[in-house]
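The values are calculated or read from the model by the stated rules, or taken from the named source; none is laboratory data. These numbers were taken from a predicted model, which means no experiment stands behind them. Glycine also receives a Cβ, built like all others from the backbone with ideal geometry; neighbour counts cover every protein chain displayed. Note: accessible area is taken over every heavy atom of the protein model, side chains too, but ligands, DNA and RNA are not part of it. Shrake-Rupley method; radii C 1.70, N 1.55, O 1.52, S 1.80 Å.
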Amino acid sequence: MKDNTKLIHGYSVFDGETGASSIPIYQCSTFKQDSIKEGQPYTYSRFGNPTRHALEEGIAAIEGGRFATAFSSGMAAISAVLLSFSQGDHIVMCKSIYGGTFQLVNEVMSRYGIEVTFVDETNLNEWAQAIRPNTKAFYLESPSNPLLSITDIVGVVSIAREHHLHTIIDNTFMTPLYQHPLELGVDVVIHSATKFINGHSDVVAGLVITNDEEWAQQIVLQQKVLGSILSVEDCWLIMRGMKTMGLRMEQSVKSAEQISRLLEEHPAVKKVHYPGLPSHPGFDIHRRQASCGGAVLSFELENQEAVYTFADALKIPIAAVSLGGVESILSYPVTMSHACVPKEEREKQGVTEGLLRLSVGIEDTEDLLADLEQALEQVLTQKEELVTK
Ligand SMILES: *Cc1c(COP(=O)(O)O)cnc(C)c1O
């Protein structure tokens, strides 16, 4: 079964009881028990709910894993995974990391005695050299946010296996369609389903998928005791959004490829970060582990002034935090995703004041290209005015 068929038929898409064409929303906190003498499959919605289980079963099928767990946000999913570690444990992480994850490990996990070392994710030696006797896991994102740097997933997994470490990946950017980390040997896959999986900028949610039974039990326990379960309405919305993920992604990726080429050739743009471009330093590695460059790219303009001119001139993309919606979204990492990262650390990560991130939506490619082009022209015009003044 290929992707689009799988998204419509590859799991329980229909209600087994009635044949209803979408899984019902089981809006209940508790379940009447047939007898108080023994339990039954569903007893309380924090422990399990049929709507949530349908989503969990669905995403497991799409990601190609045995077990999946749904959370109230991507950060709740990441917290559940990372709080599975104990005092004294050490984790090695990619330095280009999602801002919230950075804050979680620095401001929360550090208080519980869980240590983290950040490495240049593109350098396999750094991963190997960061290992200590108490290291338990490698944690990575590829492509990374917002610079789209590429980590050699198979390379990292093989170092991890040599040292009996677990590997965890945040696979949000590539979606379950374009990169299959479990097949590459990763133990735990995390998604912010807020992004492409739901795809409509109307739900915040997180998912964790694994083939490892011990990990699955641990994560189900965290879901239950941390209590960060996904509400049934949101589960339903994600199941609805998921069905069109293939079609949405196809359009967004097609546009992202063309936009990346436009930006690369434009004199107002200093640099483009898109792993689908042959000029990207991680292009060859990315091509081995993913089937396209995805729908997110970032690029650098000369300075903050150019960024403001460009953003003001742009008509179609909305300026917002987040990505992966049907609408194109322009983000400014300095004031948005990386606002909580100290300036010095942010610049060390390469997040400069000229950097913008674009999540490409499903609008017509021609309209997006024209809009970007006119906004870039304004940047050039403004620069000329300054020079002649
Ligand atoms: C958005 C995002 C998260 C956090 O997800 P939320 O649903 O906002 O909690 C984590 N990782 C990546 C790569 C993201 O883009």
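Summary table
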read-out: Test for G88: is it more than 28 Å from Q349 (Cα to Cα), open to solvent by less than 70 Å² (accessible area, probe 1.4 Å) and more than 15 Å from the ligand (Cβ to nearest atom); value: no
read-out: Residue check, E233 free of Cβ contacts under 8 Å to residues at least 12 places away in the same chain, surrounded by fewer than 22 Cβ atoms within 10 Å (Cβ to Cβ) and outside the structural domain of V296 (by TED's automatic domain parsing); value: no
read-out: Residue within the range 273-285 that is touching a residue at least 40 places away in the same chain (Cβ under 8 Å), of a type in the set (G, A, S) and not in a helix (DSSP H, G or I) present; value: yes
read-out: Residue count, the range 28-57 (criterion: in a loop (DSSP other than H, G, I, E, B) and either exposed (fewer than 12 other Cβ atoms within 10 Å of the Cβ) or in contact with a His (Cβ under 6 Å, 6 or more places away or on another chain) (or both)); value: 10
read-out: Residue match in the range 70-83 (condition: more than 12 Å from the ligand (Cβ to nearest atom), not β-branched (V, I, T) and not in a helix (DSSP H, G or I)); value: yes
read-out: Qualifying residue in the range 358-371 (condition: within 18 Å of G100 (Cβ to Cβ) and outside the structural domain of D120 (by TED's automatic domain parsing)); value: yes
read-out: The range 295-326: number of residues that are within 16 Å of the ligand (Cβ to nearest atom), closer than 24 Å to G241 by Cβ and of a type outside the set (A, V, I, L, M, F, W, C); value: 3
read-out: The range 289-328, residues that are in a strand (DSSP E or B) and surrounded by 22 or more Cβ atoms within 10 Å (Cβ to Cβ); value: V296, L297, S298, F299
read-out: Hits in the range 89-123 (condition: part of a strand (DSSP E or B) and either touching a Cys at 6+ places or on another chain (Cβ under 8 Å) or not polar (S, T, N, Q) (or both)); value: H90, I91, V92, M93, C94, E115, V116, F118, V119
read-out: Single unsatisfied condition, T117 versus (1) more than 22 Å from L83 (Cβ to Cβ); (2) surrounded by fewer than 21 Cβ atoms within 10 Å (Cβ to Cβ); (3) among the hydroxyl-bearing types (S, T, Y); value: (1)
